[in-house]
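Trainee: Sending over a structure as structure tokens; questions will come in a sec.
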Amino acid sequence: MYGGYLSNGLTVFSGNSNPELAKKICDYLEIPVGNAAVKTFSDGEIQIEIRENIRSKDVFIVQSTSSPVNDYLVELLLMIDACKRSSARRITAVIPYYGYARQDKKVAPRVPISAKLVADIITVAGANRVITMDLHAGQIQGFFSIPVDNLFAAPVLLEYIRNEFREEVVVVSPDAGGVERARAFAKRLKAALAIVDKRREAPNKAKAMALIGDVAGKTAIILDDMVDTAGTVTEAAALIMDRGAKEVHACCSHPVLSGPAVDRIAASPLKSFIVTDTIPLKPAAIQTGKFTVLTIAKLVGEAIIRSHRGDSVTSLFV
């Protein structure tokens, strides 16, 4: 489809965070993954070597800044620098999951705005453009002084939900911050909307307090952009079932799943959990039998080819 057209002008490299996704993206583009060595010295120092000529090429580096966040972030920065010093024409950081996005404002005195600092570091390293997906806070695009394309996993998730859930569905936002996202999903699915009123007692600790909306006798789908320790989504699931829902499912773009997340989900009333492959799913999560992974490779691949050609990326979601 694209291979011959792209082979001389575009190269896609992968860090160690998500090589499977990079391979799927390159399969869609019909080009091989770029030849790069991403290794570490014995003391943990990261070593990068670009093993092919990229002079005057349009380079895309696929790297989620997921756990271990700092290691993968430094990998990305060093790969950008290596490509810059190899005379690449343009360097695009493809960051399916943007780490540090939750720290997008000052929530207390004397704390950093980490999302802004990471944006500055990526820019200074030499990136000319960023492609990311479902940013935790949309204003992070404004933290960069270079163009940012924020993609949405909605088309992939919506297609699956339409095909798999035939009965009456209610889309549930697990907190007030996700209402806009949940409302957009409910509108496209022609479904009802419900909201969980949640109070967060401390970081990564949440308590579901009340449910706004009717879920009785319906199939509830909890929608979030990311799930970390899964405290919010499992509390919400228990509350929804207590209010008479027929069954409850969850879906999110970024399955961070740190700490007790997998155990909480396994023990929860959630019947299934639909995620994308912005972050590789942990083996323990696969073993629960509750997870369904949808790939975003085609979506990201289309964004890459449109960026390379100078076509509209926004039109992917119109």
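Every read-out reported here was derived from the displayed coordinates using simple, explicitly stated rules and does not represent laboratory data. In this text, all values refer to a predicted model and were calculated from it rather than measured experimentally. As a convention, Cβ positions derive from the backbone with ideal geometry for all residues, glycine included, and neighbour counts pool all protein chains shown.
Trainee: Mind giving me the FRET efficiency for K298 and A108? R0 is 45 Å, r the Cβ-Cβ distance, nearest 0.05 is fine.
Mentor: Efficiency computed from Cβ-Cβ geometry: 0.65.
Trainee: Let me ask another. Relative contact order (percent) for the range 2-113, with alpha-carbon contacts under 8 angstrom and 6 or more residues of separation?
Mentor: It comes to 25 percent, rounded to a whole number.
Trainee: Let me ask something else about it. Which angle between 0 and 90 degrees, to the nearest 10, do you get for helix 231-242 versus the longest principal axis of the chain when only C-alpha atoms count?
Mentor: 30 degrees
Trainee: Helix 179-189 against the longest principal axis of the chain: what's the angle in degrees, Cα atoms only, rounded to the nearest 10?
Mentor: The angle comes out at about 80 degrees.
Trainee: Continuing with the same structure: Is there a pair in K23/K105; K39/K282; K187/K290; K198/K246; K106/K190 whose C-alpha atoms are over 31 Å apart, and which pairs would that be?
Mentor: Those over the limit are K23/K105; K106/K190.
Trainee: Rounded, prolate or oblate: pick one for the range 272-318, where a ≥ b ≥ c are the square roots of the eigenvalues of its C-alpha gyration tensor, a/c under 1.5 means rounded, and failing that, prolate if a/b is larger than b/c, else oblate.
Mentor: Note, shape of the range 272-318 comes out prolate.
Trainee: So, one more: How high is the relative contact order of the chain, in percent, with contacts defined as C-alpha pairs under 8 Å that are six or more residues apart?
Mentor: 13 percent
Trainee: By per-residue mean of other Cβ atoms within 10 Å, what is the highest-first order of 106-119, 231-244, 292-305?
Mentor: 231-244, 292-305, 106-119
Trainee: On to the next question. Between A238 and R166, what's the calculated FRET efficiency when r is the beta-carbon distance and R0 is 25 Å? Round to 0.05.
Mentor: Efficiency, rounded to the nearest 0.05: 0.50.
Trainee: Oh, and also: Looking only at Cα atoms, what is the convex hull volume of the range 189-318 per residue, in Å³?
Mentor: Each residue corresponds to 128 Å³ of Cα convex hull volume.
Trainee: Now for a different question. Report, to the nearest 10°, how far helix 69-85 tilts away from the longest principal axis of the Cα atoms in the chain, using its own Cα long axis and a range of 0 to 90°.
Mentor: Computed tilt is about 30 degrees.
Trainee: Around D149, which amide H atoms from residues at least 5 apart in sequence, or from another chain, sit under 5 Å from its own amide H, with H modelled in the peptide plane?
Mentor: When sequence neighbours closer than 5 places are left aside, the close amide H contacts are V130, I131, T132.
Trainee: What is the Å³ per residue value for the convex hull set by the Cα atoms of the range 1-120?
Mentor: Taking only Cα atoms, the range 1-120 has a hull volume of 118 Å³ per residue.
Trainee: How many nm separate the modelled label positions at V124 and E49, each set 7 Å beyond the Cα in the direction of the Cβ?
Mentor: Taking the two extended label points, one gets 2.9 nm.
Trainee: Show that you can apply the helix-only estimate: for the chain, add -39,500 (n - 2.57) for every DSSP H stretch of four or more residues, divide by all residues, and state [θ] at 222 nm to the nearest 500.
Mentor: Rounded to the nearest 500, it is -9500 deg cm²/dmol.
Trainee: Between the DSSP loop rule and a limit of at most 16 other Cβ atoms within 10 Å, which trypsin sites (Lys or Arg not before Pro) in the range 55-99 are left?
Mentor: Passing sites in the range 55-99 are R55, R89.
Trainee: How high is the relative contact order of the range 144-280, given as a whole-number percent (alpha carbon pairs under 8 Å, six or more residues apart)?
Mentor: The value is 20 percent.
Trainee: Ok, one more. Can you pull the semi-axes for the chain, root of five times each eigenvalue of the Cα gyration tensor, sorted largest first, whole Å?
Mentor: Ellipsoid half-lengths, sorted descending, are 35, 21, 18 Å.
Trainee: Using only the alpha carbon atoms of the range 63-104, find the Kirkwood hydrodynamic radius as the inverse mean reciprocal pair distance, in angstroms to one decimal.
Mentor: One over the average 1/r among Cα pairs gives 11.0 Å for the range 63-104.
Trainee: Right, something else. Mind ranking 246-258, 184-196 by how tightly packed they are, going by the mean number of other C-beta atoms within 10 angstrom, highest first?
Mentor: 246-258, 184-196
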